[in-house]
Every structure is written in C-alpha cells, then in structure tokens.
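One structure is given below, encoded as structure tokens.
The values are calculated or read from the model by the stated rules, or taken from the named source; none is laboratory data. Keep in mind it's a predicted model, so treat the numbers as computed, not measured. For neighbour counting, all protein chains shown are included, and Cβ atoms are generated from backbone atoms with ideal geometry for every residue, glycine included. Side chains included, ligands, DNA and RNA excluded: accessible areas come from the protein's heavy atoms. Shrake-Rupley method; radii C 1.70, N 1.55, O 1.52, S 1.80 Å.
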Amino acid sequence: MPFRPQIDLDRPVRDRLVLRTVPGAVDYLVEDLRALPATILRREPDRLLVEYTGALRPLAASRYFDICAVEDTDPVEGGALAALQPDGPVRFRVGTGVPDRWKVRDQLAERYGWVNDPRSWDVNVEPHGAELGALYLTQRFGELRRTPASTNPLVGAVMVRLAKIAPGQVVVDPFCGAGTLLVLAGEMAAPGRLVGADAQARWLAMAADNARRRDLAIGLVRADARALPLRRADRVVANLPFGKRVGTHRVNEELYPGALREIARVLPGGGRAVLLTDDKRLFRETVQRTPLLRVIKEVVLARGGLHPSVYVVAKRGR
Ligand SMILES: C[S@@+](CC[C@H](N)C(=O)[O-])C[C@H]1O[C@@H](n2cnc3c(N)ncnc32)[C@H](O)[C@@H]1O
C-alpha cells in the first residue's frame, strides 16, 4: 500500500475525526484524549468520534488508534484534509463499501481536483469517512516485520501500559516472536534491559531485525519458555500461544504450567507479568495452581474475530 503520507502536523485544524481502535482499548484512547483539544461526541466499542481543534501532532503521538478518518469527506476550510501537503494534487481511492462509489470518485475529482490513484494515495475514502494515510499507526510509528501470529501493535500498547514499567527495569518476553512487545516497551517506557526468548530461530532473526530498525538494544535468546536462561525479570510481557493459530490446547495444558512456573521464578516479589491469551480457562486455572501468582486484572480485547484477554498477574511479596 504505497501511499505518500505528507501532512502538516503543526497546522491547527478544526474537524470531526473518527479514531478507530480495538474493543477493549477505547478507555486508553479516551485517557490520551483528555490532554488534547478533543471533545468526544460519540463512543462505540471500537471507535470514537471527536471534535478536534488544534494541531494534529499531539494526536499523532497516541498509540491507541490505528486509523484516523475525517468524518465529512468534503474538504472544509481549516479541516484536517486541508493540512495535507502532497507534492502535487491530493491522490485518493474510494473503498468498495462506499455507496455510489463511482459518483463519489467523480465528485471528488471534479470539485477538488483530487486525482484518483488506488495504488498511491493520501486519502482512502471509506464508509466512516476519509482516512488520512499520514495518520495510520504504521506511518506514525513505522512498520515492523511480523510473524503470522505477531501481536497487534494496539493490543501491544495496552499490554505495555498495563505492565507499568519503571525506568531501569528488566523486561522479558519469553514468547517474543518478532519482538513487537519488546519494541513497544523500549519505545513507550525506559527499561534498563529488554530480553526476548522464543523457541524458533527464524522469529528471533525477525526480532533482531525489528530491534535494528528501531535502534533498540534487545537481548535475544533461543530458549524454551519453560526453562529460561535468566535469573530475574522485573516485568514479563508476552502473547502466549493461544492454541489456535499457534499450538493447540493440548500443548498449552503442558506449556502454560511450565511457563507460569518460570515466570514465578524470575519475577521478584511485587513483580508483574502481562500476558495475552485466548485459552482463558486453562490460563486462569493454571495461575491458581501456580504458587505466589495471582491475577489482579483482566482486559478483554478483540481483533480479527478473536476475543483474547490480557491478564495482569502479580507475584506476592515485596
Ligand atoms: C503469539 S506468538 C508471539 C508473538 C509476538 N509477541 C510477536 O509480536 O511476534 C507466540 C510465540 O511463542 C513461540 N513459542 C511457542 N512455544 C514456545 C515455547 N515452548 N518456548 C518459547 N517460545 C515458544 C512461538 O514460536 C511464537 O513465536
């Protein structure tokens, strides 16, 4: 999707914006918006409609939305579409779900001199509004390489927030895959050390590549999460195999107890782990059976037809 994201983030705008997120992450987006010139007009499970008055730069810094669309496709003076700064005319595409698609396409070209270019666009017109390519999550923070089971970066941002990483802490992901959660931890907090383990060398190579791209130091080791070559981790963050796309429920019955025992071993008293899974009953029962661990919070998130939960698990003691 080679669009050309050029926008003036410092130009004050006044517009109605649709911010898309994932069910379960809306509260975190609302929290970010409290500090911004935004009034929430409507709240839905996976999006907010806001009246925004000001420069877009602080909005662009939020990790809790992936798409920003201007509700009214017609560019108004002083609106967010007017902040676009393409080299030439604005290029756009119209999504297949838009009613009267071809009419909309012709009107935008005729009225505003926009150029229809489905292969290289600044604006993607969809039923909920005109999406600004420049404000896609991947454009704002950069693309990461992904495995087929990589963690959605919005979900990952919620997990890192729940981990409450203090400066200098050691953060470990024993199922790190391409390292998404460690990259987010490195960018959203100030950890002292980031360490990732995974059973598969090919995913570790991808994680190393992602760390390089983001200029982060991440220690990577090929290891089984049930036997980590580590003494201590202040925080553990991990997207566990759900037993659907990765692994099976049967495998998890053996994997979860071993992995949680290891997490209990490496965490100090008062340490916390933030773990994502869809194999919820098995997970909760296993935590109950693991000495010193307890679930202190559960957040249900949804993406791609799945409704996994993020569990915040604390280790007893100080
Ligand atoms: C859901 S994915 C993690 C995705 C990762 N957070 C990312 O963004 O790419 C689960 C990972 O656990 C790894 N894995 C499965 N069993 C494992 C085990 N016993 N020990 C260590 N890693 C394991 C898989 O190779 C896979 O990369």
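Points to keep in mind about this one:
- Restricting segment 286-299 to residues that are under 24 Å from Gly24 (Cβ atoms) and open to solvent by 80 Å² or more (accessible area, probe 1.4 Å) leaves a set whose member that is farthest from the ligand (Cβ to nearest atom) is Arg294.
- Taking segment 1-94 as the region of interest, the strands (runs of 3 or more DSSP E) fully inside it that hold 3 or more residues being open to solvent by less than 10 Å² (accessible area, probe 1.4 Å) are 13-20, 47-54, 67-70.
- The residues of segment 226-239 that are crowded, with 24+ Cβ neighbours inside 10 Å and assigned to a loop (DSSP other than H, G, I, E, B) amount to a single one, Ala233.
- Restricting attention to segment 219-244, the residues that are within 13 Å of the ligand (Cβ to nearest atom) and over 19 Å from the mean Cα position of the chain (by Cα) add up to 13.
- Those helices (runs of 4 or more DSSP H) lying entirely in segment 136-217 with at least 2 residues among the charged types (D, E, K, R) and either modelled with pLDDT of 95 or more or open to solvent by 50 Å² or more (accessible area, probe 1.4 Å) (or both): 201-213
- Residues that are open to solvent by 20 Å² or more (accessible area, probe 1.4 Å), over 14 Å from Thr286 (Cα atoms) and assigned to a helix (DSSP H, G or I) within segment 244-273 comprise just one, Arg265.
- Residues of segment 276-300 satisfying the condition of being outside any helix (DSSP H, G or I) and touching a residue at least 40 places away in the same chain (Cβ under 8 Å): Leu276, Lys297, Val299, Val300
- Test result for Gln85, at pLDDT below 95, under 24 Å from Pro153 (Cβ atoms) and of a type in the set (S, T, N, Q): no
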